[in-house]
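Written below as structure tokens is the structure these notes are about.
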Amino acid sequence: MSAPDGPDDTPDDTPDDVARAPRIPGPRRAADDHADLSRAVPSADGRSPEPAAPPAAPPPHSVLKSLLGAWALSACSPEETEQVENHLTECAPCADEALRLRDAVGLLHAERDLDLDPLLRSRVLENCLGRRPARIPVPAWATPYDAETARLDALLRDIGEAEWHAPVRLKWFEAERSADRRTTVAGVIGHLMAVDGLVATALGLDDPLGAAATEVSPTLRTEAYWQGAEHPVTCEVREPWREQSHTLIRTVSFAGRGVGDLAVGYGDFTLPMRDSLLERAFECWVHADDIANAVAYPYEPPSGAHLHGMIDLAARMLPTALAGRRRAGLAAPARDLVTAGAPGRSLHLEVEGAGGGHWYIALDSPAAVGSPDHAVAQVAMDGVEFCQLVAGHVPPEEAAAGQDGDREAIRDVLFAAASLSRL
């Protein structure tokens with residue numbers, strides 16, 4: 001064995017030299033987006049663990065709001081994007097503004113059609129919810145109201161200022177005949193906001209008619225709003241109506257499960273909150289269609305699932321409406337004496353198309369249970385046409401319904417359906 005060439009190559013077995021030998025670090029862990037960052041991490045020299053740095057505090061609201069434009073253009077850094085999107089799950093005004101800015105970005109591409117894809121909003125929402133689920137989800141029974149107010153708001157956003165004064169004829173069924181009232185687009189939105197105020201006051205929110213308002217009838221509340229000089233009758237009504245609908249959705253989303261059973265009074269009848277918001281979704285669609293017809297705007301019916309819920313609510317209300325008409329002498333007397341929960345005569349309501357289904361309407365008592373074994377008549381209708389009948393837009397004598405069985409029972413049910421309508 002040859003001798004070492006120099007002093008640095010001289011082997012030395014002293015402990016100090018061993019301590020000074022270079023240390024080869026072990027393999028590092030693979031990156032993991034879901035790693036627990038609160039655990040201690042190795043120090044720079046690999047000898048002792050050091051606590052992980054605490055997460056940085058999020059920027060203030062004003063800074064995050066100023067980044068919305070850059071976020072919509074996908075011009076934020078990854079860190080800024082994460083901060084903005086975290087903020088959007090907690091701040092409803094910024095989330096609304098972010099969606100408007102993201103929609104506006106589509107107009108910057110000159111090579112595309114200036115008419116935005118009608119599915120753009122749903123795709124953006126679906127993508128956002130898929131990446132980060134809402135922390136406080138909207139209750140399933142409130143989604144029809146959320147959807148219909150959003151669709152109406154999109155219509156209002158598209159019309160010009162002059163069209164807010166376009167004449168709109170509201171129709172309903174009253175005293176065994178069709179009734180109507182002329183107003184404007186702005187008047188229709190005021191009507192919706194005034195009646196939605198009944199839901200707001202049931203939740204302890206502000207009444208759009210003011211703290212001194214005592215009217216509980218939808219018709220009287222509407223008349224009070226239209227006659228009040230302090231209430232806007234122009235396009236300015238859109239913002240308070242829009243803010244009220246957003247507040248209703250946020251409130252029921254944060255309130256918990258029990259809010260669905262909260263009673264909402266309409267003067268001569270009461271509905272639980274879950275049915276009340278479904279009824280308000282129905283009214284919003286019907287009057288949005290009234291506005292669309294007045295300004296020549298294409299407008300589609302609700303989705304099949306939401307339409308089914310609206311039809312189901314009307315079908316559940318029919319036995320009570322029929323009993324009320326019978327007490328007023330407007331319907332044939334009951335033929336079978338039934339007790340609570342017992343089956344009686346029923347009518348088979350078959351609704352076709354989107355949202356359709358089969359319902360058995362109790363004829364002799366609202367306490368009875370409709371049964372296919374006791375059906376004495378059948379009515380078949382398209383889903384949208386049935387809703388137009390319930391809205392009072394189609395007279396019961398002209399309803400294009402397939403009919404079979406007891407003619408008297410069929411007439412009573414069709415007139416009871418039309419009687420559910422009101423201004």
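Rule-based calculations on the coordinates, nothing more; no lab input. Please read these numbers as outputs of a predicted model, since none were measured by experiment. Positions of Cβ are backbone-derived with ideal geometry, glycine not excepted, and every protein chain shown enters the neighbour counts.
Counted by neighbouring Cβ atoms within 10 Å, the residues Cys387, Cys91, Cys235 run from fewest to most as Cys91, Cys235, Cys387.
The chymotrypsin sites (Phe, Trp or Tyr not before Pro) of the stretch 215-291 meeting both criteria, a DSSP state outside H, G, I, E and B (loop) and at most 14 other C-beta atoms within 10 angstrom of the site's C-beta, are Phe269.
Semi-axes of the equivalent ellipsoid of the stretch 304-419 are 21, 15, 13 Å, computed as sqrt(5λ) over the eigenvalues of the C-alpha gyration tensor in descending order.
Tell me, rounded to the nearest percent, the portion of alpha carbon pairs in the stretch 141-294 spaced more than 26 Å apart. Across the stretch 141-294, Cα pairs with separations above 26 Å total 22 percent. Ranked by the mean number of other Cβ atoms within 10 Å per residue, highest first, peptides 141-151, 411-421 order as 411-421, 141-151.
Remark: spin-label model distance Ser77-Glu230 equals 5.0 nm, labels positioned 7 Å along the Cα→Cβ axis.
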